[in-house]
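S.K.: Attaching a single structure in structure tokens format; questions to follow.
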Amino acid sequence: MSLRNVTLAKEVGFCFGVKRAINLTKQALDERDDVFILGDLVHNKRVTDELEAKGLQKVDDYGKQKGSTMVIRAHGLPKIKIAEARDRGLEIVDATCPIVLRAQEAAQSLEQRGCQVVIIGDRNHAEIKGIIGTLESPALVIDSVEELREAKESFRLRRKVGVIFQTTHALELCREIMNELVFMCKEVQIINTICRPVQNRQDDALELAARVDLMIVVGSLTSANTMELAALCRYHNPHTIHIQNADELGYEAFDWAVNIGIASGLSTPEDIVQGVRTKIEEFEGAIFTDHKPNPSTYAALGHSH
Ligand code: SF4
């Protein structure tokens, strides 16, 4: 029996929105041979490579595609892009996650109520571009109190603002901004658009991180929710490493740890997570070292971000 305990977070593998997007795309690829997508379907290279091997063309804008069927990715697209696709006579397979659609609708309803829309999230993320693209007036996108203060002069923030969140954001990280907004504005309306599956996974992973020696977060470096999950876990346990797959995990990274927790991002395939567990279990019976590394060395190992 192993002396090392490996505990997987309660839920690993794709969230329902990612599963749905992959299934819709596979179905389109089975039925047609002219399917393309603007950008990546989800932020995981192995998944996108598999779909491209099945014939999915990835392009960065219209005009470069050869096909006439377009998949809208899980993060959604700005409505101007969808209108452009319709004008070009393209067939659309809409894989936008229903929770992202709800966030778009929430932003629209705040705008209709006369609010200056404020989105807490990453302005370069596809989901945020999609939400902004459904609005008539410019939204303010911020990710820190400093950004909020800087924007104070150029946006109508003193009267009525309506706030939504990037669906994969951690509410915990938005508190400071919310406090500042309430202090700054006369009226603040909030619609909580944070995705429940994300929230549940974060809560579960944080609870796990707090009670293990070493926490391992598995997922792509281009996945916003994985990056955020790793940052949150690191906050609760500095011995947190972020890897993309088992190949990046050397024995020296965990040889000292007795209790190890594993959690993953929402676009990480389950078998990649299981691969990490198997790799650790392959060292069953190996000798433990009593040298607990200094967390600052993880960056040097390429395990920290
Ligand atoms: S993380 Fe949530 S919002 Fe994003 S695709 Fe998955 S279920 Fe949808």
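S.K.: Would you confirm whether any residue within the stretch 146-164 is of a type in the set (Gly, Ala, Ser), in a helix (DSSP H, G or I), in contact (Cβ under 8 Å) with a residue 40 or more places away in the chain and closer than 27 Å to Asn200 by Cβ?
M.R.: No: the stretch 146-164 contains no residue that is of a type in the set (Gly, Ala, Ser), in a helix (DSSP H, G or I), in contact (Cβ under 8 Å) with a residue 40 or more places away in the chain and closer than 27 Å to Asn200 by Cβ.
S.K.: Can you pull out the residues in the stretch 177-195 that are in contact (Cβ under 8 Å) with a residue 60 or more places away in the chain and either hydrophobic (A, V, I, L, M, F, W, C) or out of contact with any Lys or Arg (no Cβ under 9 Å at 6 or more places or on another chain) (or both)?
M.R.: Scanning the stretch 177-195 gives Leu181, Ile191, Cys195.
S.K.: Only one residue in Ala53, Ala83, Ala28, Ala9 is loosely packed, with under 14 Cβ neighbours inside 10 Å and farther than 22 Å from Thr134 by Cα, so which one is that?
M.R.: Ala53
S.K.: For the stretch 1-36, how many residues meet the condition of being under 24 Å from the mean Cα position of the chain (by Cα) and either assigned to a loop (DSSP other than H, G, I, E, B) or within 15 Å of the ligand (Cβ to nearest atom) (or both)?
M.R.: 17
S.K.: In the stretch 56-80, which residue that is among the hydrophobic types (A, V, I, L, M, F, W, C) and more than 16 Å from the ligand (Cβ to nearest atom) is surrounded by the fewest Cβ atoms within 10 Å (Cβ to Cβ)?
M.R.: Ile80
S.K.: Related question: Determine, yes or no, whether Arg201 is surrounded by fewer than 15 Cβ atoms within 10 Å (Cβ to Cβ) and not β-branched (Val, Ile, Thr).
M.R.: no
S.K.: Related question: Can you tell me which residues in the stretch 116-126 are within 16 Å of the ligand (Cβ to nearest atom) and either assigned to a helix (DSSP H, G or I) or free of Cβ contacts under 8 Å to residues at least 40 places away in the same chain (or both)?
M.R.: Ala126, the sole residue that qualifies.
S.K.: Among (1) without any contact (Cβ under 8 Å) to a residue 60 or more places away in the chain; (2) within 27 Å of Asp49 (Cβ to Cβ), there is one condition Met215 misses while meeting the rest; what is its number?
M.R.: Of (1) without any contact (Cβ under 8 Å) to a residue 60 or more places away in the chain; (2) within 27 Å of Asp49 (Cβ to Cβ), only one is false for Met215: (2).
S.K.: I need a count of the residues in the stretch 95-115 that are more than 16 Å from the ligand (Cβ to nearest atom), part of a helix (DSSP H, G or I) and buried (at least 21 other Cβ atoms within 10 Å of the Cβ).
M.R.: Of the residues in the stretch 95-115, 1 are more than 16 Å from the ligand (Cβ to nearest atom), part of a helix (DSSP H, G or I) and buried (at least 21 other Cβ atoms within 10 Å of the Cβ).
S.K.: Additional query: Only one of these is among the polar types (S, T, N, Q) and buried (at least 21 other Cβ atoms within 10 Å of the Cβ): Asn245, Asn225, Asn192. Name it.
M.R.: None of the other options fit; the residue is Asn225.
S.K.: Tell me, which strands (runs of 3 or more DSSP E) lie completely within the stretch 167-274 with 3 or more residues that are more than 16 Å from the ligand (Cβ to nearest atom) and β-branched (Val, Ile, Thr)?
M.R.: In the stretch 167-274, 240-243 are the strands (runs of 3 or more DSSP E) which contain 3 or more residues that are more than 16 Å from the ligand (Cβ to nearest atom) and β-branched (Val, Ile, Thr).
S.K.: Going through Gly89, Gly67 one at a time, which residue ends up being in contact with a Phe, Trp or Tyr (Cβ under 6 Å, 6 or more places away or on another chain), assigned by TED's automatic domain parsing to the domain that holds Arg32 and either within 30 Å of Arg156 (Cβ to Cβ) or of a type outside the set (S, T, N, Q) (or both)?
M.R.: Going through Gly89, Gly67 in turn, just one is in contact with a Phe, Trp or Tyr (Cβ under 6 Å, 6 or more places away or on another chain), assigned by TED's automatic domain parsing to the domain that holds Arg32 and either within 30 Å of Arg156 (Cβ to Cβ) or of a type outside the set (S, T, N, Q) (or both): Gly67.
S.K.: Looking at Asp34, is it over 24 Å from Leu266 (Cα atoms), without any contact (Cβ under 8 Å) to a residue 60 or more places away in the chain and surrounded by 14 or more Cβ atoms within 10 Å (Cβ to Cβ)?
M.R.: yes
S.K.: Right, something else. Among (1) surrounded by 14 or more Cβ atoms within 10 Å (Cβ to Cβ); (2) in contact with a strand residue (DSSP E or B) (Cβ under 8 Å, 6 or more places away or on another chain); (3) in the same structural domain as Cys115 (by TED's automatic domain parsing), where does Glu180 come up short?
M.R.: (2)
S.K.: When the residues of the stretch 39-55 are filtered to those that are modelled with pLDDT under 90 and not in a helix (DSSP H, G or I), which remaining residue is nearest to the ligand (Cβ to nearest atom)?
M.R.: Ranking the qualifying residues of the stretch 39-55, first place goes to Val42.
The values are calculated or read from the model by the stated rules, or taken from the named source; none is laboratory data. Since the model is a prediction, treat every value here as computed from it, not as a measurement. Ideal geometry is used to build each Cβ from the backbone, glycine not excepted, and the neighbour counts take in all protein chains shown.
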